[in-house]
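The values are calculated or read from the model by the stated rules, or taken from the named source; none is laboratory data. Predicted model, so just to flag it, every value in this text is computed and none were measured. Backbone-built Cβ (ideal geometry, glycine too); neighbour counts: all protein chains shown. Accessible surface areas use protein heavy atoms only, side chains included; no ligands, DNA or RNA. Shrake-Rupley method; radii C 1.70, N 1.55, O 1.52, S 1.80 Å.
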Amino acid sequence: MKKEELKKFLEELKYEESSIDDILELVDNESDIKSLYEKIDFLTKIGVAPEGIDTILSDNPLFLTTDLETVKRSVNFLKNIKLENISKIIEINSELLSTQDKIMSENYKLLRVLMSEKEVLNILKIDSEILSFNTDYLEKRFEFFIKNGLKDKIKTIILNKIEAFEDEEEEIDLEELKNM
């Protein structure tokens, strides 16, 4: 596939000229062009608007090198757990498109150990980033919070202080989290 074909495809989807130029700069060989075309086509079919695809491309550099099957499996996982507005969720948390469905599934199971399915889905509607975390790391972080008396606060921490999952343990203000 040539850049001209990708350009025509993007024009048909009503992309702005500046956006088309930015996208075309991301690919330089025929296999990359074809791969990106297929992923944009797939995302468009599930309802992601051109602006959303621009966001995904700028927020998730791994998306370019992620194969179409991984993208499809990631979206199917989100559908299978019955998340609504998947196009919006992946625009906000574009790293999910580059996350293996196995990792998302394991993280979902970890969350389900700590809370009901409804609570998990409500959290994921607001912020699904936690599904993309390294599962071993996430499990250790849950253990750390539970060990420090924060089991009942995990949902609140995910929704209001997700960076506590990313900070080093010694950087976490446990008192602040307990008072949330």
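Computed from these coordinates, which is mean projected area of the Cα convex hull in nm²: (i) 45.1; (ii) 15.2; (iii) 11.0?
(iii)
What nm value, rounded to one decimal, do you get for the distance between residue 84 and residue 28 when each label is placed 7 Å out toward the C-beta?
The modelled label-to-label distance comes out at 4.6 nm.
Which net charge results for the neighbourhood of residue 133, defined as the other residues with beta-carbon distances under 11 angstrom from its beta-carbon, given Lys and Arg at +1 and Asp and Glu at -1?
Values: positive: 140, 141; negative: 95, 106, 129, 136, 139, 166.
My count for the surroundings of residue 133 gives -4.
So how strong a dipole does the chain carry about its Cα centre when Lys and Arg Cβ are +1 and Asp and Glu Cβ are -1, to the nearest 20 debye?
On the way: 26 positive and 42 negative charges, 247 e Å.
In total the dipole reaches around 1180 debye.
Reachable lysines from residue 7, Cα under 29 Å, same-chain residues fewer than 8 places away excluded?
Straight-distance partners of residue 7: 34, 39, 45, 72, 88.
Taking N as the number of residues in the range 57-110, what is its Cα Rg relative to 2.2 N^0.38 Å? Display every interim value, and only then the final one.
On the way: Rg = 10.6 Å, N = 54, 2.2 N^0.38 = 10.0 Å.
With N residues counted in the range 57-110, Rg over 2.2 N^0.38 Å equals 1.05.
For the range 1-133, what is the accessible area per residue in Å² when the probe is 1.4 Å?
Working: 6960 Å² over 133 residues.
I get 52 Å² per residue for the range 1-133.
Would you work out which of 62, 6, 137 lies farthest towards the positive end of the dipole of the chain, given +1 charges on the beta-carbon of Lys and Arg and -1 on that of Asp and Glu, about the Cα centre?
137
Work out which helices of the chain, taken as complete DSSP H runs, extend at least 27 Å along their axis over the Cα atoms and score a mean Kyte-Doolittle of -0.5 or more, then list them. Before the final figure, lay out each step's value.
Values: long enough: none.
Long hydrophobic helices here: none detected.
Can you compute the charge dipole magnitude of the range 13-65 about its Cα centre, using +1 on each Lys and Arg Cβ and -1 on each Asp and Glu Cβ, nothing else charged? Give it in debye, rounded to the nearest 20. Numbers along the way, then the final one.
Numbers: 4 positive and 13 negative charges, 71 e Å.
Once rounded to the nearest 20, the dipole reads 340 debye.
Hey, can you grab everything whose amide H is under 5 Å from the amide H of residue 13? Only 5+ residues off in sequence or another chain; H modelled, so Pro and N-termini drop out.
none
Using a 1.4 Å probe on the protein chains only, how many percent of the accessible area of the chain belongs to carbon and sulfur?
46 percent
At 222 nm, what value in deg cm²/dmol follows for the chain if DSSP H runs of at least 4 each add -39500 (n - 2.57) and the sum is divided by all its residues, to the nearest 500?
Details: 11 runs with 114 residues, N = 180.
Here the helix-only value at 222 nm equals -19000 deg cm²/dmol.
Which residues in the range 1-26 place their backbone N less than 13 Å from a point set 7 Å from the Cα of residue 38 along the Cα-to-Cβ direction?
1, by backbone N distance to the label point.
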